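Participant: Below you'll find the structure I mean.
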Amino acid sequence: YRKYRPLRSILVPVAGGPNSRKAVRLAVDMARLGADGPARVVVCHVAPLHPNLRRQVRINQILGEVTEGIQYEHLVTRIVESNHVIGAILEAAKGFDLIVIGTTHQSLLANLRFGNIPEQIAQRATVSVILVKSRSTALQSFINQVFPTGSTTNGNETLPAEATAEESGALPPAD
């Protein structure tokens, strides 16, 4: 159990998947209804240290996609450079009242090998965390776990999610 905090600021870490957009929408809806007035929403993406131009373009594309069409004057985006996704998100969450994060669609093998970023954040965060997941049938869920459709990239090579960092990877998996 985490201590109750009035809702004044929400951190939304995003990796670009469909649940990222849902997480941003939920955070903005909650922020608008804050008992102490509108809360600040910070959408952040963790990028590897010194991303190349191609990666920078992709990061800006991800941030644009997850915030597209959302009109909220207290919404800002932030890029955090780190090779440790979970540590960077937990560090960025200091001073926030809530974390809203989309769940991942990575394969069962990747979950077993590298862990699940949203779940690890929920376990280790000192503030409340809401995990946002889209609804799917049992068959769809099984197929997504066994045969993932996406992978993360770092420069020119395609990497399995979480393959490049000590703690949790240089890039979060698409959620």
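The values are calculated or read from the model by the stated rules, or taken from the named source; none is laboratory data. Everything numeric in this text was worked out from a predicted model, so none of it was measured. Ideal geometry is used to build each Cβ from the backbone, glycine not excepted, and the neighbour counts take in all protein chains shown. The accessibility values were calculated without ligands, DNA or RNA, using every heavy atom of the protein model including side chains. Shrake-Rupley method; radii C 1.70, N 1.55, O 1.52, S 1.80 Å.
Participant: If I filter region 92-105 for residues that are surrounded by fewer than 21 Cβ atoms within 10 Å (Cβ to Cβ), modelled with pLDDT under 90, touching a Lys or Arg at 6+ places or on another chain (Cβ under 8 Å) and hydroxyl-bearing (Ser, Thr, Tyr), do I get at least one hit?
Facilitator: There is at least one residue in region 92-105 that is surrounded by fewer than 21 Cβ atoms within 10 Å (Cβ to Cβ), modelled with pLDDT under 90, touching a Lys or Arg at 6+ places or on another chain (Cβ under 8 Å) and hydroxyl-bearing (Ser, Thr, Tyr).
Participant: In this structure, does ASN52 turn out to be more than 18 Å from SER128 (Cα to Cα) and surrounded by fewer than 14 Cβ atoms within 10 Å (Cβ to Cβ)?
Facilitator: yes
Participant: Here's a follow-up. Looking only at region 69-81, filter to residues that are closer than 15 Å to VAL14 by Cα and either free of Cβ contacts under 8 Å to residues at least 40 places away in the same chain or in contact with a Leu (Cβ under 6 Å, 6 or more places away or on another chain) (or both); which one of those is surrounded by the most Cβ atoms within 10 Å (Cβ to Cβ)?
Facilitator: Applying the filter and picking the extreme gives THR77.
Participant: Also: Does region 3-21 contain at least one residue that is aliphatic (A, V, I, L, M) and over 15 Å from the mean Cα position of the chain (by Cα)?
Facilitator: Yes: one or more hits.
Participant: Within region 17-31, is there a residue that is surrounded by fewer than 20 Cβ atoms within 10 Å (Cβ to Cβ), among the basic types (Lys, Arg), in contact with a Phe, Trp or Tyr (Cβ under 9 Å, 6 or more places away or on another chain) and in contact (Cβ under 8 Å) with a residue 40 or more places away in the chain?
Facilitator: Checked against the condition, which is being surrounded by fewer than 20 Cβ atoms within 10 Å (Cβ to Cβ), among the basic types (Lys, Arg), in contact with a Phe, Trp or Tyr (Cβ under 9 Å, 6 or more places away or on another chain) and in contact (Cβ under 8 Å) with a residue 40 or more places away in the chain, region 17-31 yields no hits at all.
Participant: Has region 22-40 got any residue that is farther than 17 Å from GLU91 by Cα, assigned to a loop (DSSP other than H, G, I, E, B) and touching an Asp or Glu at 6+ places or on another chain (Cβ under 7 Å)?
Facilitator: So far as region 22-40 goes, no, none of its residues is farther than 17 Å from GLU91 by Cα, assigned to a loop (DSSP other than H, G, I, E, B) and touching an Asp or Glu at 6+ places or on another chain (Cβ under 7 Å).
Participant: Next question, about the same structure. If a residue has to be closer than 26 Å to LEU33 by Cα, within 14 Å of the chain's Cα centre (by Cα) and part of a loop (DSSP other than H, G, I, E, B) to count, how many in region 61-95 make the cut?
Facilitator: Counting residues in region 61-95 that are closer than 26 Å to LEU33 by Cα, within 14 Å of the chain's Cα centre (by Cα) and part of a loop (DSSP other than H, G, I, E, B) gives 1.
Participant: Considering region 55-68 alone, what residues qualify as being out of contact with any Leu (no Cβ under 7 Å at 6 or more places or on another chain) and either buried (at least 19 other Cβ atoms within 10 Å of the Cβ) or among the β-branched types (Val, Ile, Thr) (or both)?
Facilitator: VAL57, ILE59, ILE62, LEU63, VAL66
Participant: Something else: What number of residues within region 32-46 satisfy the criterion of being under 28 Å from GLU81 (Cβ atoms) and open to solvent by 10 Å² or more (accessible area, probe 1.4 Å)?
Facilitator: Count: 1.
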